[in-house]
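Step one of this worksheet: look at the structure below.
The values are calculated or read from the model by the stated rules, or taken from the named source; none is laboratory data. Keep in mind the model is a prediction, meaning the values are calculated, not measured. Quick reminder, even Gly has a Cβ in these numbers, built from the backbone with ideal geometry, and neighbours come from all protein chains shown. Accessible surface is based on the protein model in full, side chains and every heavy atom, while ligands, DNA and RNA are left aside. Shrake-Rupley method; radii C 1.70, N 1.55, O 1.52, S 1.80 Å.
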Amino acid sequence: MNRKKENGLSSEKVFNFCNCAFLLVLVVIVAYPLYYVLIASISDPYEVYAGKTFILPSKVTFEGYARVFREESIARGYLNSIYYTVLGTLVSVALIITTAYSVSKKTLPFKKTIMVFYVITMYFGGGLIPTYLVVSRTGLLNSVWSLILPGGVAVYNVIVARTYFENSIPEELYEAAAIDGSSNLGTFFKIALPLAKPILAVMVIFTMVAYWNDWFTALIYMGEKSKYPLQLALRQILIQSQATATMMGNMDGGYAEANKITELIKFASIVVGAVPMLIAYPFVQRYFEKGFMAGAVKG
Amino acid sequence: MKKGKQGNTNAAVPKESLWKQVVKHWEFYVLLLPGILVTIIYKYIPIYGIQIAFRDYNAVDGFFGSAWVGLKWFQRFFGNYNSVRMIRNTILLSLYSILWTFPIPIILALLINQIRQKRFQRVSQTILYAPHFISVMILCGMLRIFLSPYGGLINILGEALGFIREPVNLIDSASAFRTIYIASSIWQDAGWGTIIYISTLSSVDASLHEAAKVDGANAIQRIMHIDIPELIPVIVIQLIMSFGNLMNVGFEKAYLLQTSLNKETSEIIATYVYEQGMLKAMYSFSTAVSLFNTVVNIILLVAVNKICSKLSDVSFV
C-alpha cells in the first residue's frame, strides 16, 4: 500500500516535470522570433546575414532605428493611429454599451426584434463593394469616420455586455433608483455605467487593439497617404519593400549595401510597430481574462 | 411570452397597451437610436445594394438604376479557368486551418491547467498570449523576412543544421504557402485560444480531482475522465463557430503573403474580390463573386448548425 502510494507520487512528479519542460520549450519557441527580431534590429546586417545573431547581437548599431525615426511616414502613422484609435474606441464602446444596456432591460418592447436586427448583420453583410459605395456616397472617404462607422455596432461585444448587465447588476437596484425618482437615463449614467466598469474595461481593450491593428479599412477608404495609419506605413516598408529616400539617405556603397540597410530598417520598424501593444498588454491581461468569464454565454 | 414575463416582473401593475409601454421606455430607444441608424446605413443599405451583382453598375445610375444583366457576372466567374482553383484554395486553406489550429489550444489548455507552480503558469501564459497582440501586418512582415532566401532566419537555420544545401525561396513558393499560413496562425493564436478552455477548466470542482487522486488516478487519467468531459460543450460550440466561418478564411494574411508567384495556392475568393473590385473597379463582377462566397458560407452555417443540434441532443445538454 505504502509502496504503491510512493509510486503514484513519483509518476505524478515525472508527469509534472515533463509537462513543465514541454511548456518551457513551447514558450521559448513562441518568444524566440520576437527576440530574434529585437537582436537583429541592433546588429550589423552582414552579421545577421551570416547567421551570427542567433543568441546575442553582433556589432551593435542603432542605424536602423535612426533611419526609422527620421522617416516621416512612421511618425505621422503613429500620430494618425493614436487619433483613430482613441476616437474609434470612444465611439464604438459608446455604441456597444448603450445598445447592450437597452436590450438588457427586460421590459423593453421590441427587444427581441432589435436583437434579431443586429444578429443578422453578424452573418450577412453587403460585402466589400456595396459597402464601399455607400461609404463613398455618404462622403466619408478620407475621413476618420470611414474607419469607424462602416464597422457599425460590434454585435458580439453587445451580446457579451448584455449578458453582463443581465447577470451582474441586480434588478432591485434599478427598481430602487426608479422609486427614488431617477429617470431611466439617470439610472444608466449613475448606476449601470459605474457598475459595468469591468466589462467596460474589456470592451475598451479589445476595441483599441482592433483599431490599432486595422489596416484594411484604411487601405480602402483612406486614399491620401498623409492619412495612413501606422500599419499602412509599415506595409510600405515591410511588404512592399519601399524604403523611402529619407530612410536610405546618405548611402555610399552599391546595391548590396542598400539591400542590407533595407533589412535593418525592416527589423527596426517591426520593433517600433509592435512595442506599444506588447508593452501595454501584460498590464491589462487580468481584465480580459475576467472579461471572458463575465461574458461567457450561459447555456 | 413577452407579456407573460411582464406580468411576472411587476405583477401588481395592470397590463398597459403596447404604445404606452413604448412611451414609458422612450429613453432606451434614444440610447438605441445611434446604433440602429449606423447599422441601417452601413449594414442594411449595402445588403440592399448587393443587387448590383445582377446589374451593370455605373456611378451615374447608382444601385437601383443600372441596367439589369441577370446572371452575366456569375457566368463570367464560372467561365474563368481560375474559378475552380480559387474555390478549392479557399476551402482547403480553411479546412486545413481548422484541422491544425483547432485541437492545439485544447491540448495546450489541458497541459497549462496541470502546472502546479503558479508563477511559472502565469509567466508562460503571458508569453503564449503575446503574439496575439501583434498586427497581421507585422506578422507578415516578419514572415517575409524570416522566409527570405537572402539571409532569412529559416534558411540560415536550415543551412546551419544541415537540412538544406542552398537557400530556398519559401515566400514565393506555392507549395509552402498553406504551411506558412497555418504555422504562423498557430504561433500567433494557439496561446490566445487557450483562454476560453482554461477559464472553463478553472471552474471544475477541485474536490473531483482530490477524490480521483485518492482513488489512485494519475494525471493523465484525470485529464481524460474529468477535464475533457468538462470541456466538451465548449469544444462543440467553438467547432460550430469555426465551421460556420469556413468561407471567411482570413483575407488579410492571405493578401499580405500573396506574391505573383504563389498565387496558385494563395489566391482565394476574398483576395480575388478585392483585386477585381478595388484595384480594377469591376464593381458588379466583384460583388457577384462575393455574393457567391456568402451564399456558400450561409449554406455551410445552416448545415453545420443542423448537424450539431442533432449531435448535441446525444452528447450534451
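Annotations for the structure displayed:
- The set of residues in the stretch B:212-226 that are open to solvent by 50 Å² or more (accessible area, probe 1.4 Å) and of a type in the set (A, V, I, L, M, F, W, C) comprises B:Val214, B:Ile220, B:Met224.
- Candidates A:Lys52, A:Lys59, A:Lys13, filtered to the one that is charged (D, E, K, R), on the phi > 0 side of the Ramachandran plot and surrounded by fewer than 18 Cβ atoms within 10 Å (Cβ to Cβ): A:Lys59
- Tallying residues that are of a type outside the set (A, V, I, L, M) and in a loop (DSSP other than H, G, I, E, B) within the stretch B:38-81 yields 7.
- A:Lys227, sole failed condition from (1) at pLDDT 85 or above; (2) open to solvent by less than 10 Å² (accessible area, probe 1.4 Å): (2)
- Boolean, B:Leu99 is surrounded by fewer than 15 Cβ atoms within 10 Å (Cβ to Cβ), in contact (Cβ under 8 Å) with a residue 24 or more places away in the chain, farther than 25 Å from A:Asn213 by Cα and away from chain A (no Cβ under 14 Å): no
- Only residues that are part of a helix (DSSP H, G or I) and either over 17 Å from A:Val30 (Cβ atoms) or among the acidic types (Asp, Glu) (or both) were counted in the stretch B:168-220, giving 21.
- Any hit, the stretch A:160-181, residues being open to solvent by less than 60 Å² (accessible area, probe 1.4 Å), in contact (Cβ under 8 Å) with a residue 12 or more places away in the chain, closer than 22 Å to B:Glu252 by Cα and within 20 Å of the chain's Cα centre (by Cα): no
- Applying the criterion of being more than 8 Å from chain B (Cβ to nearest Cβ) and open to solvent by 20 Å² or more (accessible area, probe 1.4 Å) to the residues of the stretch A:281-299, the residue that is modelled with the lowest pLDDT is A:Lys298.
For every residue, the table says whether it meets (1) part of a helix (DSSP H, G or I); (2) open to solvent by 40 Å² or more (accessible area, probe 1.4 Å); (3) at pLDDT 95 or above; (4) aliphatic (A, V, I, L, M).
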{"residue": "A:Asn7", "(1), (2), (3), (4)": "yes, yes, no, no"}
{"residue": "A:Cys20", "(1), (2), (3), (4)": "yes, no, no, no"}
{"residue": "A:Phe69", "(1), (2), (3), (4)": "yes, yes, no, no"}
{"residue": "A:Tyr83", "(1), (2), (3), (4)": "yes, yes, yes, no"}
{"residue": "A:Gly88", "(1), (2), (3), (4)": "yes, no, yes, no"}
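- Pair list, Cβ under 9 Å, 6 or more apart: the stretch B:269-291 residue within 13 Å of B:Arg76 (Cβ to Cβ), other residue basic (Lys, Arg) and open to solvent by less than 20 Å² (accessible area, probe 1.4 Å): none
- Matching residues in the stretch B:23-48 - criterion: being open to solvent by less than 30 Å² (accessible area, probe 1.4 Å) and either hydrophobic (A, V, I, L, M, F, W, C) or farther than 21 Å from A:Lys105 by Cα (or both): B:Phe28, B:Leu31, B:Leu32, B:Val38, B:Tyr42, B:Pro46
- Selection within the stretch B:108-143 - more than 14 Å from A:Val30 (Cα to Cα), free of Cβ contacts under 8 Å to residues at least 12 places away in the same chain, assigned to a helix (DSSP H, G or I) and facing chain A (nearest Cβ under 8 Å): B:Leu111, B:Phe120, B:Ile138, B:Gly141
- Any hit, the stretch B:299-313, residues being touching a Leu at 6+ places or on another chain (Cβ under 7 Å), open to solvent by less than 30 Å² (accessible area, probe 1.4 Å) and within 13 Å of another protein chain (Cβ to nearest Cβ): no
- Residue identified as within 11 Å of another protein chain (Cβ to nearest Cβ) and over 29 Å from B:Tyr42 (Cα atoms) among A:Val103, A:Val27: A:Val27
- Test: A:Val37 is within 11 Å of another protein chain (Cβ to nearest Cβ), in a helix (DSSP H, G or I), under 27 Å from the mean Cα position of the chain (by Cα) and among the β-branched types (Val, Ile, Thr): yes
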